[in-house]
Amino acid sequence: MDRIPILKLGHALLVTIQVDMHDRLATALEEDLTSKIVAVGAKGVLIDISALEIVDSFMGRMLDNIAAVSRILDAETVVVGMRPAVAITLVELGLSLSGVKTALNVERGMALIQSRLEEFNADDED
Amino acid sequence: MPTTRTDRLDIRSSDDVVKVRQQTRTMAVEAGLSLVDQTKIITAASELARNTLDYGGGGEICLEVIHDGSRRGLRLTFEDRGPGIADLAQAMRDGFTTGSGLGLGLGGAKRLSNEFSIESKLGIGTKVTIARWKA
């Protein structure tokens, strides 16, 4: 079965969704990310959805789940690159993704995760 | 109402849901819908195609580019021969689901469309029709 690649960047994981996901692929990503967070001790997860033409309730729930599970595993999820039309549609659909942190692009999302990493490192030195 | 193009697709697997999204997109462009309107009807189609698959046990979609005078739009009809819906009002309500989803599919699809109708008979099946017009 196809898998969406997960890249490791220091203490962060980067996922770029570039295909129109069928439901099994979305579920597989959720599982893969969870095990990878634990395996590499990731503190942040960046999910780039700029290539996605739509986010429906199934994908929205997947993003919410990933954010919730990663939070429990002490990693922060930031979803970046949502297209304006997708944002408008999601809200009208009734999904506000209230549990998910978002940023406009990869750079800003990375900065969010970086600031969390710095806090974490500072705590370590104490 | 005159139709300029009609297409039919089977909905039997989650790959077919992806195909429904792609075909809806192609025909939404043909109907001249704006990017936001395309996104809305593709999202609605995705919700309804998944309902057809998960609750109707599979079925089919009919996609039509429609004309009404100078207006153009896209009409989608989802049909299954599943168990039917016992209480339509309840099924339309946000948050209600008999499955494991969020219960946003029907209500969400209605909000994302300009026209929405649903017919369901217990033991016979369910038919949902939506349309989005070019603004």
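The values are calculated or read from the model by the stated rules, or taken from the named source; none is laboratory data. All values derive from a computational prediction rather than experimental measurement. Positions of Cβ are backbone-derived with ideal geometry, glycine not excepted, and every protein chain shown enters the neighbour counts. The protein model used for the area step is the full one, side chains on, heavy atoms only, and it has no ligands, DNA or RNA in it. Shrake-Rupley method; radii C 1.70, N 1.55, O 1.52, S 1.80 Å.
Taking the Cα centre of the range B:3-133 as origin and charging only Cβ (+1 Lys, Arg; -1 Asp, Glu), how large is the dipole, in debye to the nearest 20? Intermediate results must be reported in sequence, preceding the final value.
Working: 18 positive and 17 negative charges, 49 e Å.
The calculation lands at about 240 debye.
If you take all C-alpha pairs in the range A:24-126, what percent of them are over 19 Å apart? Before the final figure, lay out the partial values.
On the way: 2305 of 5253 pairs.
Value for the range A:24-126: 44 percent of Cα pairs lie more than 19 Å apart.
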**OP:** Treating cross-link reach as a plain straight distance, find the lysines whose alpha-carbon is under 21 Å from the alpha-carbon of B:Lys121, omitting any fewer than eight places away in the same chain.
**Re:** B:Lys110
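Can you tell me the mean projection area, over all orientations, of the convex hull of the range B:19-67's alpha carbons? Units nm², please. Kindly include the intermediate steps, with their values, before the conclusion.
Values: hull surface 13.2 nm².
If I average the Cα hull's projected area over directions, I get 3.3 nm².
Rounded if a/c is under 1.5, else prolate if a/b is larger than b/c, else oblate: which is the range B:3-133, with a ≥ b ≥ c the root eigenvalues of its Cα gyration tensor? Write out the running numbers ahead of the final one.
On the way: a/c = 1.72, a/b = 1.58, b/c = 1.09.
It is prolate, given that a/c is not under 1.5 and a/b is the larger ratio.
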**OP:** Nearest 100 Å² is fine: how much accessible area is buried between B and A, summed over both sides, with a 1.4 Å probe?
**Re:** 2000
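Rounded to the nearest 0.05, what FRET efficiency do B:Asn114 and A:Val91 give with R0 = 25 Å and r taken as the Cβ-Cβ distance? Could you check? All intermediate terms of the calculation are to be shown ahead of the outcome.
Details: r = 18 Å, r/R0 = 0.70.
For B:Asn114 and A:Val91, the calculated efficiency is 0.90.
Among bridges DSSP assigns within the range A:6-125, what percent are antiparallel (round to 5)?
Numbers: 4 of 17 bridges.
Of all bridge pairs located within the range A:6-125, approximately 25 percent are antiparallel.
Order the following by accessible area, largest value first: B:Arg8, B:Arg50, B:Arg72. Probe radius 1.4 Å; ligands, DNA and RNA are ignored. Mind dumping the intermediate values first?
Values: B:Arg8 145, B:Arg50 15, B:Arg72 80 Å².
Putting B:Arg8, B:Arg50, B:Arg72 in descending order of accessible area: B:Arg8, B:Arg72, B:Arg50.
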Original post:
Comparing A:Arg71, A:Arg24, A:Arg116, which has the greatest mean-square fluctuation in the GNM of chain A with Cα pairs linked when under 10 Å apart?
Top reply: A:Arg24
Original post:
Against the longest alpha carbon principal axis of chain B, how many degrees, from 0 to 90 and to the nearest 10, is the axis of helix B:35-54 turned?
Top reply: 30
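With the radius of gyration and the Kirkwood radius both derived from the Cα set of the range B:68-132, what is their ratio Rg to Rh? Could you put the intermediate results ahead of the total?
Values: Rg = 13.1 Å, Rh = 12.7 Å.
My calculation puts Rg/Rh at 1.02.
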Original post:
For the range A:87-126, what are the per-bin percents of Cα-Cα distances with bins 10 Å wide, up to the bin holding the maximum?
Top reply: 24, 33, 27, 12, 4
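Any number yet on Rg/Rh for the protein assembly as shown, C-alpha, Kirkwood?
On the way: Rg = 20.0 Å, Rh = 19.4 Å.
Over the Cα atoms of the protein assembly as shown, Rg/Rh equals 1.03.
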